[in-house]
Amino acid sequence: MESPGQGRAHGRHESEEERADRRWNELLQEVRVTQTGVQILFGFLLTVVFTPRFATLSETDTIIYVVTALLGAATTGALVGPVTLHRFVAGRHIKPETVFWASRLTVVGAVLLLATVASALLLVLRIAIKDSVVPWIVAGLMVWFLLCWFALPLWARHHYPSRK
């Protein structure tokens with residue numbers, strides 16, 4: 001029989017392995033949601049170069065496009081990383097460590113996704129409205145994303161400390 005507190009993590013009756021399995025499943029669901037959006041965005045970005053309009057882009061817009069495509073590729077890499085990490089280390093009994101590193105890759109993927117979205121918005125809005133207000137619109141949206149994706153979770157993490 002377990003002594004009080006042993007095998008418990010955050011009020012749950014689970015071993016370290018059970019907790020790692022639960023956290024892995026939660027992380028995998030998060031990555032699935034994010035990967036879908038990234039795949040759609042990246043797929044769209046890859047097709048843009050083959051459109052007739054692409055040849056008419058200014059040098060600046062072409063550079064923004066290339067940066068956006070590279071950021072999309074990097075984002076895809078970071079968000080596929082947890083899956084391949086798990087596949088390569090499965091069966092080695094290091095699930096807690098796998099969850100730790102996969103979680104870090106997912107955060108990197110979110111940061112890269114933020115940069116990809118910013119770059120894509122900059123390109124699209126420069127072409128759509130050709131106005132000096134475009135960088136301000138993109139900056140405002142990036143502040144919104146930063147609040148939603150990072151500030152709120154960090155505030156909640158600080159405001160509601162984990163219960164043991």
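The values are calculated or read from the model by the stated rules, or taken from the named source; none is laboratory data. For clarity, every value in this text was computed on a predicted model and none was experimentally measured. Because the Cβ atoms are built from the backbone with ideal geometry, glycine has one as well, and the counts that use them run over all protein chains shown. To get the accessible areas, we keep the full protein, side chains included, count just its heavy atoms, and leave off ligands, DNA and RNA. Shrake-Rupley method; radii C 1.70, N 1.55, O 1.52, S 1.80 Å.
Taking the 0 to 90 degree range and rounding to the nearest ten, how far is the long axis of helix 95-129 tilted relative to the main principal axis of the chain, both from C-alpha atoms?
Here the helix axis deviates by roughly 20 degrees.
To the nearest 0.05, what FRET efficiency results for residue 133 and residue 53 with a Förster distance of 25 Å applied to their C-beta separation? Write out the running numbers ahead of the final one.
On the way: r = 22 Å, r/R0 = 0.89.
Once rounded, the FRET efficiency stands at 0.65.
Would you kindly derive the ³J(HN,Hα) couplings of segment 133-148 from the backbone phi angles with the Karplus curve 6.51 cos²θ - 1.76 cosθ + 1.60 (θ = phi - 60°), listing them in order in whole Hz, with x for Gly and Pro?
Karplus values, whole Hz, x for Gly and Pro: 7, 3, x, 6, 5, 4, 4, x, 5, 5, 4, 4, 4, 4, 5, 5.
Separation between the residue 80 and residue 100 pseudo-spin-labels, each 7 Å from Cα along Cα→Cβ, expressed in nm?
Each label point is offset 7 Å from its Cα along the Cβ direction, giving 2.7 nm.
Helix-only mean residue ellipticity at 222 nm, the chain, DSSP H runs n ≥ 4 weighted -39,500 (n - 2.57), per residue, nearest 500. What is it? All intermediate terms of the calculation are to be shown ahead of the outcome.
Details: 5 runs with 120 residues, N = 164.
After summing the helix terms and dividing by residue count, I get -26000 deg cm²/dmol.
Under a point-charge model restricted to the Cβ atoms of Lys and Arg (+1) and Asp and Glu (-1), what is the dipole moment magnitude of the chain relative to its Cα centre, in debye to the nearest 20? Before the final figure, lay out the partial values.
On the way: 16 positive and 12 negative charges, 44 e Å.
Using Cβ point charges on Lys, Arg, Asp and Glu, the chain gives about 200 debye.
May I have the pair-distance distribution P(r) for the chain, computed from all Cα-Cα distances with 10 Å bins from 0 and rounded to whole percent?
9, 29, 29, 18, 10, 4, 1, 0
State, to one decimal in nm, how far the label point of residue 160 lies from the label point of residue 88, with both points 7 Å from Cα in the Cβ direction.
3.5
Is segment 52-112 rounded, prolate or oblate when judged by the Cα gyration tensor, a ≥ b ≥ c being the square roots of its eigenvalues, rounded requiring a/c under 1.5 and prolate requiring a/b larger than b/c? Intermediate values should be presented prior to the final figure.
Values: a/c = 6.87, a/b = 3.48, b/c = 1.97.
In terms of gyration-tensor shape, prolate.
What is the distance in Å between the Cα centres of segment 95-163 and segment 10-70?
Spelled out, the Cα-based centre of one part sits 12 Å from the other.
Looking at segment 48-138, which trypsin sites (Lys or Arg not before Pro) are in a loop (DSSP not H, G, I, E or B) and have at most 13 other Cβ atoms within 10 Å? Before the final figure, lay out the partial values.
Values: sites: 53, 87, 92, 104, 126, 130; in loops: 92, 130.
When the trypsin sites (Lys or Arg not before Pro) of segment 48-138 are filtered for loop state and at most 13 Cβ neighbours within 10 Å, 92, 130 remain.
Taking only protein heavy atoms into account and a 1.4 Å probe, give the accessible area per residue of the chain in Å². Numbers along the way, then the final one.
On the way: 11160 Å² over 164 residues.
Dividing the accessible area of the chain by its residue count gives 68 Å².
What is the extension gain from residue 67 to residue 30, computed as 0.36 nm multiplied by their sequence separation minus the C-alpha to C-alpha distance, in nm to one decimal? Provide the component values of the computation, followed by the final result.
Numbers: separation 37, 0.36 × 37 = 13.32 nm, distance 2.57 nm.
Gain on stretching residue 67 to residue 30: 10.8 nm.
Highest first, please rank the peptides 155-161, 57-63, 113-119, 36-42 by the mean number of other Cβ atoms sitting within 10 Å of their residues. Walk me through the intermediate numbers first.
Values: 155-161: 8.6, 57-63: 12.3, 113-119: 20.1, 36-42: 15.6.
So the peptides 155-161, 57-63, 113-119, 36-42, ranked by packing, come out 113-119, 36-42, 57-63, 155-161.
Between residue 142 and residue 17, what is the label-to-label distance in nm when each label sits 7 Å out along the Cα-to-Cβ direction?
A separation of 4.6 nm, rounded to one decimal place.
Of all the accessible heavy-atom surface of the chain, with the other protein chains kept in place and a 1.4 Å probe, what percent is carbon and sulfur?
Values: 7360 of 11160 Å².
In the chain, the share of accessible area belonging to carbon and sulfur is 66 percent.
Rounded to two decimals, what ratio of Rg to Rh does segment 82-152 give with C-alpha atoms and a Kirkwood Rh? All intermediate terms of the calculation are to be shown ahead of the outcome.
Details: Rg = 17.7 Å, Rh = 14.4 Å.
Using only Cα positions, Rg/Rh for segment 82-152 is 1.23.
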